[in-house]
């Protein structure tokens with residue numbers, strides 16, 4: 001099997017050299033045209049809205065952690081230092097998805113997935129306590 005594969009590769013290489021010389025071009029230029037790949041890899045995690053994530057069916061396979069980054073802030077305007085950290089994390093995980101959760105998104109999630117928790121959620125001391133509770137729900141409901 002190995003000899004057949006080696007012979008096939010050798011024959012293809014000899015044929016490519018022959019065709020390149022016949023076309024009066026170098027073998028490198030000949031191969032460059034044949035094997036030009038576009039770099040379609042994403043440069044950072046794809047942003048999706050909380051609404052988009054909540055509209056998807058929930059995962060049934062709980063054996064793997066989904067490639068999902070969650071971040072929360074009171075609104076969608078992150079302070080500069082948090083924006084820098086966020087971009088760094090998204091660039092480190094280009095094949096993941098990224099969700100920015102606002103306080104309003106958090107409330108919508110609680111209402112949709114944990115309606116039994118709404119009254120307790122509302123009674124928490126401040127928004128940061130509600131955000132902490134919501135982050136636990138992200139992990140439980142969506143993973144990431």
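A short reminder: the numbers here are calculations on the coordinates, not readings from a lab. What you see is a predicted model, and the numbers here were worked out from it, not measured in a lab. All Cβ positions, even for glycine, are placed from backbone atoms using ideal geometry, and neighbour counts span all protein chains on display.
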Original post:
Can you work out the FRET efficiency for the pair residue 133 and residue 83, with r the C-beta to C-beta distance and R0 = 30 Å, to the nearest 0.05?
Top reply: 0.80
Original post:
How high is the relative contact order of the range 46-141, in percent, with contacts defined as C-alpha pairs under 8 Å that are six or more residues apart?
Top reply: 35
Original post:
What area, in nm² and to one decimal, does the C-alpha convex hull of the range 46-141 cast on average over all directions?
Top reply: 6.6
Subject >> Pair residue 47, residue 125: separation of 7 Å Cα→Cβ label points (nm) >> reply: 3.3
**OP:** Using the number of other C-beta atoms within 10 angstrom as an exposure proxy, rank 128, 48 with the fewest first.
**Re:** 128, 48
